[in-house]
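Here's the structure, in structure tokens; my notes come after.
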Amino acid sequence: MAPVTTPPVIVISGPSGAGKSTLLKRLFANYPDSFGFSVSHTTRPPRAGERDGIEYHFVTPDHFTQLIADNKFIEHATFAGKSYGTSIQAVKDVVNKGRACILDIEMEGVKQVKKTDLDAKFLFVAPPSVEELEKRLRGRGTESEDAVQKRLEQAVKELEYSKVDGVHDRVVVNDDFEKAYKELNEWIVGVLHESAAEKN
Ligand code: ADP
Ligand code: 5GP
């Protein structure tokens, strides 16, 4: 009898502004039934166009602290002065639909997920350079100057960590968007196929 496996958990990380959300938006539009997004909790305020329960669950710091106390998170971390966390429920909601679950999280979360029994696959989205990253972060127009600085400082740490052997299963440099999307798409579809093959 083949082992019963759940759909794969795929963790995408990379510096803020590298293009993770833009790449994932395309992936979800192309495969609406195959993937689901793990909707994190955060204490940062919503950006224009962000909807509670879709991009994030937007919560107060007190609510976030309570969720930690209640052991609701698989992982959580502070990023640029705000709290972010993946709840157990967020992953369950996706996996229970039979879909591959995609997490978009920063490096402290990546380290924590590696310590769980989730058996996740890890993809890192790198910017072509820190200069280009800064341009994209500013071009997005969502952050204050202080937040841009904090995100750039964190970006250096993320890039350092990404060079540690064996941390990521795949690194995609998001220089030309179409090329980067093609690489991400091929790798993720490969992960889906491997997971399906394990089931049979
Ligand atoms: P992240 O989710 O990693 O923080 P975003 O997806 O929000 O990053 O992308 C940051 C900004 O860079 C956005 O304004 C996006 O439109 C832009 N962007 C994404 N990919 C590219 C690319 N390959 N070339 C130029 N700009 C890009
Ligand atoms: P943003 O504020 O730009 O949406 O996200 C900032 C950073 O937080 C990004 O690197 C994103 O991947 C990360 N992030 C989003 N959700 C989570 C989460 O649930 N856990 C952790 N550890 N990081 C998260």
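Quick note: the coordinates plus some simple rules give every number you see, no bench work behind them. Fair warning: this is a prediction, and the values are worked out from it, not measured in the lab. Glycine gets a Cβ as well: all are built from the backbone with ideal geometry, and neighbour counts include every protein chain shown.
Data overview
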{"read-out": "Net charge, residue 99 excluded, C-beta distance under 11 Å - Lys, Arg +1, Asp, Glu -1", "value": "-1"}
{"read-out": "Region 1-90: proportion of alpha-carbon pairs further apart than 15 angstrom, %", "value": "67 percent"}
{"read-out": "Kirkwood hydrodynamic radius (C-alpha pairs) into Stokes-Einstein, region 87-155, 37 °C and 0.692 mPa s, D in µm²/s", "value": "226 µm²/s"}
{"read-out": "Net dipole in debye of the chain [+1 Lys, Arg Cβ; -1 Asp, Glu Cβ; about Cα centre; nearest 20]", "value": "300 debye"}
{"read-out": "Positive-end residue of 45, 14, 129, charge dipole of the chain with Cβ unit charges", "value": "45"}
{"read-out": "Theoretical gain in end-to-end length, residue 92 to residue 30 [0.36 nm per residue, Cα-Cα removed]", "value": "20.1 nm"}
{"read-out": "Rg(Cα) / (2.2 N^0.38 Å) computed for region 1-156, rounded to two decimals", "value": "1.05"}
{"read-out": "Length released on extending from residue 149 to residue 65, taking residue separation times 0.36 nm less the Cα-Cα span", "value": "27.6 nm"}
{"read-out": "Burial order of peptide ranges 93-104, 141-152, 69-80 (average beta-carbon count within 10 Å, highest first)", "value": "93-104, 69-80, 141-152"}
